[in-house]
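Comments concern the structure below.
The values are calculated or read from the model by the stated rules, or taken from the named source; none is laboratory data. Since the structure is predicted, the reported quantities are computational estimates derived from the model, not experimental observations. Every residue, glycine as well, gets a Cβ built from its backbone with ideal geometry; the counts of neighbours run over all protein chains shown. All accessible areas refer to the heavy atoms of the entire protein, side chains included, with ligands and DNA or RNA removed. Shrake-Rupley method; radii C 1.70, N 1.55, O 1.52, S 1.80 Å.
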Amino acid sequence: MDGSDEAPQRRDAAGEVHVPVLLDRVIALLAPALADRPAVAVDATLGLGGHAEALLEAHPQLTLVGLDRDPAALARSRDRLAAYAERIHLVHAVYDRMPEVLDELGLDGVDGVLFDLGVSSMQLDVPERGFAYAHDAPLDMRMDQDADLTAAKVVNTYPVRELARILRQYGEERFALRVAQAIDRERRVAPLQSTAQLAELVREAIPAATRRRGGHPAKRTFQALRIEVNGELDAVRAAVPAALEALHVGGRIVVLAYHSLEDRIAKQALAALATDTTPQDLPVQLAAAGPQLRLLTRGSEQASAEEVERNPRAASVRLRAAERIRESA
């Protein structure tokens, strides 16, 4: 993978070290669409603002629209990006609302879009949010604390078959039905309330031979519940095509995914517009059927071993990028 092995550690407004994933590669991929002119970029998953800060620093004429569903993340990023206040619009919104947000801002298109999908560093690092099985906390997992659905509601009210489907589909849990049945037995006695209680229950439901490899047995269950609680896959399915539609010719998109299902959605959306749709029986390419995108990566790119050593959260990342080369039909 291209990009410097010396991605800088940046401190947020609270003075805490935050290491944006694949920072140098992201900046390099977006640069041709943003450099040396007034440009607009959307950071669709603002988080702690590490990527946004680097983009604003690299491109003095850039206007950045930052979206996040988590008000706490927005507040932290607003402080962090205070030096660029005249060039930013930070909005409390899930990224699938991007078209609506751009319309409200009077923007008819953008030059760059970044998606850094999944749970943010801040959410993982605050135990009471309930995202991590390593800390005992309420079963919450909401990225937006104003949302109604919590992990507690999912594990205590979903039918066993539906719960098993979620664990199998979103967590790729081989023993999804066993785990769902174990949850059901426990909740018949009393509702599940804590992450530690759930993590131990899952551990006991997984066969002993399997527990000895592949990390903590509850990892896949917690991932599945987080995706369900936050409707993440539905949001990605809507947001990536909408972002592609918003790109000006010459504009670029970068997607960082940490889960095979997210990555597959991004891959399919990019491939669909990078394909010539001229009927095979025609001898010449139809101008209106030519590719709208040029793929900038061969398949998906991964973090280097050096970056993973510095930033373990980069271990599962898959990066895809593309450039718009033609208006949509």
### Query
Within the set of pairs 6+ apart or on separate chains, which have a first residue in region 159-174 that is closer than 14 Å to Ala205 by Cα and modelled with pLDDT under 95, a second that is open to solvent by less than 30 Å² (accessible area, probe 1.4 Å) and among the hydrophobic types (A, V, I, L, M, F, W, C), and C-beta atoms under 9 Å apart?
Glu173/Ala164; Glu173/Leu167; Glu173/Val179; Glu173/Val202; Glu173/Ile206; Glu173/Ala224; Arg174/Ile206
### Task
Taking the options Asp125, Asp144, Asp234, name whichever one is open to solvent by less than 50 Å² (accessible area, probe 1.4 Å), modelled with pLDDT under 95 and not hydroxyl-bearing (Ser, Thr, Tyr).
Asp144
### Query
Can we say Leu225 is surrounded by fewer than 24 Cβ atoms within 10 Å (Cβ to Cβ), part of a helix (DSSP H, G or I) and aliphatic (A, V, I, L, M)?
no
### Query
For residues in region 299-309 being at pLDDT 90 or above and of a type outside the set (A, V, I, L, M, F, W, C), which is surrounded by the most Cβ atoms within 10 Å (Cβ to Cβ)?
Glu307
### Message
Restricting to region 149-179, and then to whatever is under 21 Å from the mean Cα position of the chain (by Cα) and within 15 Å of Gly231 (Cα to Cα), can you tell me which residue is most open to solvent (accessible area, probe 1.4 Å)?
### Response
Gln169
### Task
Return a yes/no flag: does region 97-118 have any residue that is β-branched (Val, Ile, Thr), assigned to a helix (DSSP H, G or I), farther than 16 Å from His248 by Cβ and out of contact with any Phe, Trp or Tyr (no Cβ under 7 Å at 6 or more places or on another chain).
yes
### Message
What are the pairs with Cβ atoms under 9 angstrom where one residue, in region 55-80, is more than 15 Å from Ala44 (Cα to Cα) and in contact (Cβ under 8 Å) with a residue 40 or more places away in the chain and the other, located anywhere, is open to solvent by 50 Å² or more (accessible area, probe 1.4 Å) and of a type in the set (S, T, N, Q)? Sequence gap at least six, or different chains.
### Response
Ala72/Gln145
### Query
Is one or more of the residues making up region 57-75 part of a helix (DSSP H, G or I), open to solvent by less than 60 Å² (accessible area, probe 1.4 Å), within 20 Å of Val317 (Cα to Cα) and touching a strand residue (DSSP E or B) at 6+ places or on another chain (Cβ under 8 Å)?
no
### Task
Give region 305-320 a look and list any residue that's part of a helix (DSSP H, G or I) and in contact (Cβ under 8 Å) with a residue 24 or more places away in the chain, or say none.
Glu306, Glu307, Arg310, Arg313, Ala314
